[in-house]
Amino acid sequence: MDYNQIKILLNKYWEGETSLEEEQLLKAYFNGDSVANDLVPFQPLFAYLEKEKKRTSTQPFIPPTSTNRVHSLWGNWLAIAASIVLVVAISWLTYHNSKITNPSLAKDESDLAKDTYRDPQIAYKEAKAALMLISKGLNKGLEKTKEGVKKAKK
């Protein structure tokens, strides 16, 4: 292999543009005996790469267990459930506390039990629309959670 071709391959190597075959040519050249004088400083690098390629570990390889991921997923779901319980509890306490401290907000139980719609079909449509709105919000939150889980798996 001539000197100019080695220089071209070496420049490509430093740019990270060599193929595996070209790298093998460089390794063979620098591990050989006829290295040009101005290229001798690069010889230890290729000797080191060849030496490290042959080196084996003294410790056995133990693949990581996947139980940690299961525990972390359970932990994530438990954290979400705890957050929801906390928000509901705080809302409930705030509502009931405001009824106690401000009697004008406390309505008679009969007022709460009155129907707001006279036609059951309209009441059904309104309830369905309200539940659909809540469902969309929950689905949006579920999608965000699924995206987070996918990112965590990567």
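Within segment 24-41, the set of residues being of a type outside the set (Val, Ile, Thr) and either part of a loop (DSSP other than H, G, I, E, B) or touching a residue at least 24 places away in the same chain (Cβ under 8 Å) (or both) comprises Leu25, Tyr29, Asn31, Gly32, Asp33, Ser34, Ala36, Leu39. Keeping to segment 9-47, report how many residues are at pLDDT 85 or above and under 38 Å from the mean Cα position of the chain (by Cα). Here the count works out to 15.
The values are calculated or read from the model by the stated rules, or taken from the named source; none is laboratory data. As the structure is a computational prediction, the values presented were derived from the model and not from experiment. Methodologically, a virtual Cβ is constructed for each residue, glycine included, from the backbone with ideal geometry; neighbour enumeration extends over all protein chains shown.
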